[in-house]
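Trainee: Following this message is one structure expressed as structure tokens.
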């Protein structure tokens, strides 16, 4: 294997197929797919993609549900050396169009059931998109090519395409500093430094059984489910979506040993009727993150698992590939969490510091912006040099999170510099919602802020001021949001005000709006 081939992300699958091809890689319902079978499916699919013009460096969006075919397509794109941009399956047409435009995607692979998400205007316009490719159908249709048909008529790709360390392996969507989604450029070296190290940091082996109830389009599912399975040789129990009862059934039926989950998933599992103490006893490891984790929830999860189970919390961000810190949750003799609310200590090979606005490093205990440096840090935002320059300064990634690091190296987050809202582990950027509401005739001003929620952590709430004489009801605003926004982004409440509060410079005061959230929402 050449040095260049070592950076191809499909190398782990090919290695597992060679060393233990008969072992089961994926269980999905009644389906059982071995590593050898998975590798053959990937080689065949890579042949079909290559026949459709996809090759080294092609920028390809993937919009598919959590099913084995997602993994097959992802690994096939890696095999031919393409750049992959996983797309949220809940994107509405306008959101998908923006993702295609902002990342200059040349191809989009969609499940046939999601074909209506791709606007006709995008297919017809003179933009970057060269081809839309459907999975799950053998027929070409207007504006779409069938991947299944291409695979049937193509020769499999047997060898991994050489990939350089600096090649962009993934383009992941996030908001950058402007609140509008950008493509985070993660190089093959970024992923090798962070993704490949993750199973070791977590202590996973080929004997583990991973329960995946996460979406596969974000870095949590990509890294701790798909990548963890391929790097460690563990078995992946894949669920099409999260359901607390089905998760418990899968854990007990398949003897799952590792479950990565956002806090709301854990909350629903421990709240599930009939879950007995120790009902999750086969789990030896749970990894949670993506949102603040309440201490009482962690204590309840510890009760539901076996005495020697480990619960890890961590901190990461898309711009840092994935994980930056880890912390094992433990209780003291009184049952209180040790180092409560910490995000943990920085992982090997990564630097974490606290800086002020001028870029000066602050001492232990001082509060400032958390900054990250290391081989995991992104190459930048795609076609967004201004955002890149703002995020990457003197080799450090400015995270936008405000916190401190204590004398023992434990890091804590106390606030966020950005206005991002984390709803059940899903990042929501107020600008996306505000743009949708501003498009409504009669709307003069909009601001969206976070409201605390016992189950989801945070939910978005919209404050709207209308133009003089305009009459727009909250229900009309909701109806427009349903058309333009993915379900998880839609405001949970709408407050109509005569005017939004502003500071001396005319800037909307979001803190003043947050103070109003005790007021009942307009129905």
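The values are calculated or read from the model by the stated rules, or taken from the named source; none is laboratory data. Since the structure is predicted, the reported quantities are computational estimates derived from the model, not experimental observations. Here the Cβ is made from the backbone with ideal geometry for all residues, glycine too, and neighbour counts use every protein chain on show.
Trainee: Counting only residues that are surrounded by fewer than 22 Cβ atoms within 10 Å (Cβ to Cβ), in contact with a strand residue (DSSP E or B) (Cβ under 9 Å, 6 or more places away or on another chain) and not in a helix (DSSP H, G or I), how many does the stretch 92-106 have?
Mentor: Adding up the residues that qualify gives 2.
Trainee: With the condition being within 14 Å of residue 156 (Cα to Cα), I'd like the helices (runs of 4 or more DSSP H) fully within the stretch 1-66 carrying at least 2 qualifying residues.
Mentor: Details: elements: 3-6, 11-20, 35-51.
Ranges flagged: 35-51.
Trainee: A follow-up question, please. Every residue in the stretch 453-462 that is surrounded by fewer than 22 Cβ atoms within 10 Å (Cβ to Cβ) and touching a helix residue (DSSP H, G or I) at 6+ places or on another chain (Cβ under 8 Å), please.
Mentor: Filtering the stretch 453-462 down to residues surrounded by fewer than 22 Cβ atoms within 10 Å (Cβ to Cβ) leaves 453-456, 458-459.
Listed by number, the residues that qualify are 455, 456.
Trainee: For the stretch 416-430, enumerate the residues that are in contact with a strand residue (DSSP E or B) (Cβ under 8 Å, 6 or more places away or on another chain) and at negative phi.
Mentor: The answer is 416, 417, 418, 419, 420, 421, 422, 423, 427, 428, 429, 430.
Trainee: In addition: With a cut-off of at least 2 residues that are farther than 23 Å from residue 413 by Cα, name the strands (runs of 3 or more DSSP E) lying wholly within the stretch 252-369.
Mentor: Details: elements: 258-261, 285-288, 310-316, 323-328, 342-346, 351-355.
It comes to 258-261.
Trainee: Just to be sure I understand, how many residues within the stretch 436-450 are surrounded by fewer than 18 Cβ atoms within 10 Å (Cβ to Cβ) and under 19 Å from residue 487 (Cβ atoms)?
Mentor: Here the count works out to 1.
Trainee: Answer with yes or no whether residue 71 is at pLDDT 95 or above and either within 24 Å of residue 14 (Cα to Cα) or buried (at least 22 other Cβ atoms within 10 Å of the Cβ) (or both). Show your work before the answer.
Mentor: On the way: at pLDDT 95 or above: yes; either within 24 Å of residue 14 (Cα to Cα) or buried (at least 22 other Cβ atoms within 10 Å of the Cβ) (or both): yes.
Answer is yes for this residue.
Trainee: Right, here's the next one. Looking at the structure I just gave you, is residue 372 at pLDDT below 90, buried (at least 21 other Cβ atoms within 10 Å of the Cβ) and touching a helix residue (DSSP H, G or I) at 6+ places or on another chain (Cβ under 6 Å)?
Mentor: Details: at pLDDT below 90: no; buried (at least 21 other Cβ atoms within 10 Å of the Cβ): yes; touching a helix residue (DSSP H, G or I) at 6+ places or on another chain (Cβ under 6 Å): yes.
In short, no.
Trainee: Across the stretch 131-147, what is the total count of residues that are closer than 18 Å to residue 54 by Cβ and surrounded by fewer than 16 Cβ atoms within 10 Å (Cβ to Cβ)?
Mentor: Qualifying residue count, the stretch 131-147: 2.
Trainee: Tell me whether the stretch 463-476 contains one or more residues that are crowded, with 17+ Cβ neighbours inside 10 Å, in a helix (DSSP H, G or I) and modelled with pLDDT of 90 or more.
Mentor: Within the stretch 463-476, the first condition is being crowded, with 17+ Cβ neighbours inside 10 Å, and the residues that meet it are 463-466, 472, 474.
If we keep only those that are in a helix (DSSP H, G or I) too, we end up with 474.
With the extra rule that they be modelled with pLDDT of 90 or more, the set shrinks to 474.
So far as the stretch 463-476 goes, yes, one or more of its residues are crowded, with 17+ Cβ neighbours inside 10 Å, in a helix (DSSP H, G or I) and modelled with pLDDT of 90 or more.
Trainee: Let me ask something else about it. Taking the criterion of being at pLDDT below 90 and under 28 Å from residue 331 (Cβ atoms), would at least one residue in the stretch 254-263 satisfy it? Talk me through it step by step, then tell me what you get.
Mentor: First pass over the stretch 254-263, keeping only residues at pLDDT below 90: 262-263.
Pick out the ones that are also under 28 Å from residue 331 (Cβ atoms) and you get 262-263.
Among the residues of the stretch 254-263, at least one is at pLDDT below 90 and under 28 Å from residue 331 (Cβ atoms), which makes the answer yes.
Trainee: Does the stretch 252-271 hold any residues that are surrounded by fewer than 15 Cβ atoms within 10 Å (Cβ to Cβ) and either touching a helix residue (DSSP H, G or I) at 6+ places or on another chain (Cβ under 9 Å) or under 16 Å from residue 67 (Cα atoms) (or both), and which are they?
Mentor: Answer for the stretch 252-271, where residues must be surrounded by fewer than 15 Cβ atoms within 10 Å (Cβ to Cβ) and either touching a helix residue (DSSP H, G or I) at 6+ places or on another chain (Cβ under 9 Å) or under 16 Å from residue 67 (Cα atoms) (or both): just 271.
Trainee: Still on this structure: Name every residue in the stretch 380-395 that is in a helix (DSSP H, G or I) and loosely packed, with under 14 Cβ neighbours inside 10 Å, in order of residue number.
Mentor: At the first step, the residues of the stretch 380-395 found to be in a helix (DSSP H, G or I) are 385-391.
The answer is 385, 386, 389.
Trainee: Quick check on the stretch 195-215. Is at least one of its residues over 28 Å from residue 16 (Cβ atoms) and in contact with a helix residue (DSSP H, G or I) (Cβ under 7 Å, 6 or more places away or on another chain)?
Mentor: Restricting attention to the stretch 195-215, the residues satisfying the condition of being over 28 Å from residue 16 (Cβ atoms) are none.
No: zero hits.
Trainee: Still on this structure, I have one more. Looking for something in contact with a strand residue (DSSP E or B) (Cβ under 6 Å, 6 or more places away or on another chain) and assigned to a loop (DSSP other than H, G, I, E, B) - is there at least one such residue anywhere in the stretch 71-87?
Mentor: Yes, that holds for at least one residue.
Trainee: I'd like the residue in the stretch 503-519 that is touching a strand residue (DSSP E or B) at 6+ places or on another chain (Cβ under 8 Å) and closer than 14 Å to residue 448 by Cα and, out of all such residues, is modelled with the highest pLDDT. Lay out the reasoning, then the answer.
Mentor: Within the stretch 503-519, the subset touching a strand residue (DSSP E or B) at 6+ places or on another chain (Cβ under 8 Å) is 508-510, 513-514, 516-517, 519.
Narrowing the set further to residues that are closer than 14 Å to residue 448 by Cα leaves 508-510, 513-514, 516-517.
Values: 508: 78, 509: 82, 510: 81, 513: 89, 514: 86, 516: 85, 517: 84.
By that ranking, first place goes to 513.
Trainee: Related question: Scan 61, 57 and give me the residue that is over 28 Å from residue 240 (Cα atoms), modelled with pLDDT of 95 or more, touching a strand residue (DSSP E or B) at 6+ places or on another chain (Cβ under 7 Å) and in the same structural domain as residue 84 (by TED's automatic domain parsing). Outline the logic, then answer.
Mentor: On the way: 61 fails: over 28 Å from residue 240 (Cα atoms).
Exactly one residue qualifies, and that residue is 57.
Trainee: Next question. Among the residues of the stretch 156-177, is there at least one that is outside the structural domain of residue 50 (by TED's automatic domain parsing), within 22 Å of the chain's Cα centre (by Cα) and on the phi > 0 side of the Ramachandran plot?
Mentor: Within the stretch 156-177, one or more residues are outside the structural domain of residue 50 (by TED's automatic domain parsing), within 22 Å of the chain's Cα centre (by Cα) and on the phi > 0 side of the Ramachandran plot.
Trainee: Let me ask you something else. Out of all the residues in the stretch 156-174, is one or more touching a helix residue (DSSP H, G or I) at 6+ places or on another chain (Cβ under 9 Å) and modelled with pLDDT under 90?
Mentor: Looking for residues that are touching a helix residue (DSSP H, G or I) at 6+ places or on another chain (Cβ under 9 Å) and modelled with pLDDT under 90, one finds at least one in the stretch 156-174, hence yes.
Trainee: Right, next: Among the residues of the stretch 348-368, is there at least one that is within 21 Å of the chain's Cα centre (by Cα), modelled with pLDDT of 95 or more and under 19 Å from residue 418 (Cβ atoms)? Spell out how you get there, then give the answer.
Mentor: Just the residues of the stretch 348-368 that are within 21 Å of the chain's Cα centre (by Cα), to begin with: 350.
Okay, now just the ones that are also modelled with pLDDT of 95 or more, so 350.
Going one step further and asking which of them are under 19 Å from residue 418 (Cβ atoms), we end up with none.
Scanning the stretch 348-368, I find no residue that is within 21 Å of the chain's Cα centre (by Cα), modelled with pLDDT of 95 or more and under 19 Å from residue 418 (Cβ atoms), so the answer is no.
Trainee: Being in a helix (DSSP H, G or I), buried (at least 24 other Cβ atoms within 10 Å of the Cβ) and modelled with pLDDT of 95 or more is true for just one of 227, 190. Which residue is that? Before the answer, list the steps.
Mentor: On the way: 227 fails: buried (at least 24 other Cβ atoms within 10 Å of the Cβ).
Being in a helix (DSSP H, G or I), buried (at least 24 other Cβ atoms within 10 Å of the Cβ) and modelled with pLDDT of 95 or more holds for just one of 227, 190, which is 190.
Here is a yes/no grid of residues against (1) in contact (Cβ under 8 Å) with a residue 60 or more places away in the chain; (2) surrounded by fewer than 24 Cβ atoms within 10 Å (Cβ to Cβ); (3) under 14 Å from residue 84 (Cα atoms):
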{"residue": "174", "(1), (2), (3)": "yes, yes, no"}
{"residue": "184", "(1), (2), (3)": "yes, no, yes"}
{"residue": "212", "(1), (2), (3)": "yes, no, no"}
{"residue": "215", "(1), (2), (3)": "yes, yes, no"}
{"residue": "250", "(1), (2), (3)": "no, yes, no"}
